[in-house]
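Report on the structure given below.
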Amino acid sequence: MTKDAEKRSLSSELGFIHKFIPASTRPDQVTLLLLHGTGGNEQDLIPLGRELYPRAAILSPRGKVLESGMPRFFRRLAEGVFDLEDLKFRTNELADFVRKASKVYKFDLRYLISIGYSNGANIASSLLLIHPEVISSAVLFRAMVPFIPEKVPNLSAKNIFIGAGQYDPIVPPKQTETLFGLFEKAGANVVLNIQENSGHELGYDEISVVKDWLSNLPKNSP
Ligand code: MLT
């Protein structure tokens, strides 16, 4: 089988077009799950992942929902109004993909850090609420509340960084506060960082704050 045919068959076996890049040095156990924003793809966040955690392996899927041709991780009815049924279905599907990928590529889910941006951060929050077992830590850039769970899960072993932009036209401050409160109530070790001069876009200052946060995570729960 050619390399391209091999990649196509792995993508169909795992259910998502994706990219996997093994860790550059061993025995580093950390794998980053990169989740792009609306209109992005599996290549988009790779430079960011490399910058944030150079030694980690990378798993980067492409969202399967198309909105006017733009990939997303779940359907929305309008900006900021989510199709909750689809969100839950897609969250289960993504959790399945991550579990299967950990077997195929032989990485440990206890060391999986999700880095999500915008729509990707929203599905990462949904994963934390529905399938906390597949993520150990999460960086959520420009995230909204995906839904309010009936029963708040126990996230006391999770480390979560929420990165917001003070002038974000898509994510109102109330959303950020509610999301922070939700993870706090779930017992997570959660940090909220509000960038004073940012909107929905990311800036270099924020990236260096996240690098510090990542490098200070407890060694047994990255
Ligand atoms: C979403 O739909 O997940 C949020 O509105 C962010 C976005 O993708 O624009």
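Rule-based calculations on the coordinates, nothing more; no lab input. Predicted, not measured: the structure shown is a model, and the values here were computed from it. As a convention, Cβ positions derive from the backbone with ideal geometry for all residues, glycine included, and neighbour counts pool all protein chains shown.
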Review point. Near E6, within a Cβ-to-Cβ distance under 15 Å, what is the net charge of the other residues, with Lys and Arg +1 and Asp and Glu -1?
Key: +2
Practice item. Taking only Cα atoms and a 10 Å spring cutoff, compute GNM fluctuations for the chain and point out the largest among S60, S114, S11. Key: S11
Practice item. Give the cross-link partners of K19 among the lysines, using a straight C-alpha distance below 19 Å as the criterion and excluding same-chain residues fewer than 8 apart. Key: K3, K7, K64, K100, K103, K106
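Relative to the Cα centre, what is the charge dipole magnitude of the range 11-215, using +1 at the beta carbon of each Lys and Arg, -1 at the beta carbon of each Asp and Glu, and rounding to the nearest 20 debye?
Roughly 680 debye for the range 11-215.
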Review point. Which of the lysines could be linked to K185 by a straight reach, that is with a Cα gap under 28 Å, when you skip same-chain ones fewer than 8 residues away?
Key: K88, K151, K158, K174, K211, K219
Check your understanding: Size of the chain along its principal axes in angstrom, Cα-based, largest extent first?
Key -> 52, 40, 34
Study note, to complete from the structure: Expected vector for the range 58-66, Karplus 3J(HN,Hα) from phi with 6.51, -1.76, 1.60 and θ = phi - 60°, integer Hz, x for Gly and Pro, equals 10, 10, 9, x, 9, x, 9, 8, 10
Exercise for review: Mind listing the long-range amide H neighbours of Q195? Cut-off is under 5 Å, sequence gap 5 or more, other chains count too, H placed in the peptide plane at 1.01 Å from N.
Suggested key: A164, G165, Q166
Study note, to complete from the structure: Asserting the computed 222 nm helical MRE of the chain (DSSP H runs at least 4 long, -39500 (n - 2.57) per run, divided by residue count, to nearest 500) equals -11000 deg cm²/dmol
Practice item. Just name one of A164, T2, H200: the one whose Cα is farthest towards the positive end of the charge dipole of the chain (beta-carbon charges, Lys/Arg +1, Asp/Glu -1). Key: T2
Check your understanding: What residues qualify as long-range amide H neighbours of I160, i.e. H under 5 Å apart, gap of 5 or more or another chain, H built at 1.01 Å from N?
Key -> A138, N189, V190, V191
Review point. Hey, what do the phi angles of the range 115-126 turn into as Karplus ³J(HN,Hα) couplings, whole Hz, using 6.51/-1.76/1.60 and θ = phi - 60°, x for Gly and Pro?
Key: 10, x, 10, 6, 4, x, 5, 5, 6, 5, 5, 5
Check your understanding: For the range 16-23, in order, what is each residue's ³J(HN,Hα) by Karplus, 6.51 cos²θ - 1.76 cosθ + 1.60 with θ = phi - 60°, in whole Hz (x at glycine and Pro)?
Key -> 9, 5, 7, 10, 10, 10, x, 4
Review point. Once amide H atoms are placed 1.01 Å from N in the peptide plane, what residues at a sequence separation of 5 or more from E201, or on another chain, have their amide H within under 5 Å of its amide H?
Key: none
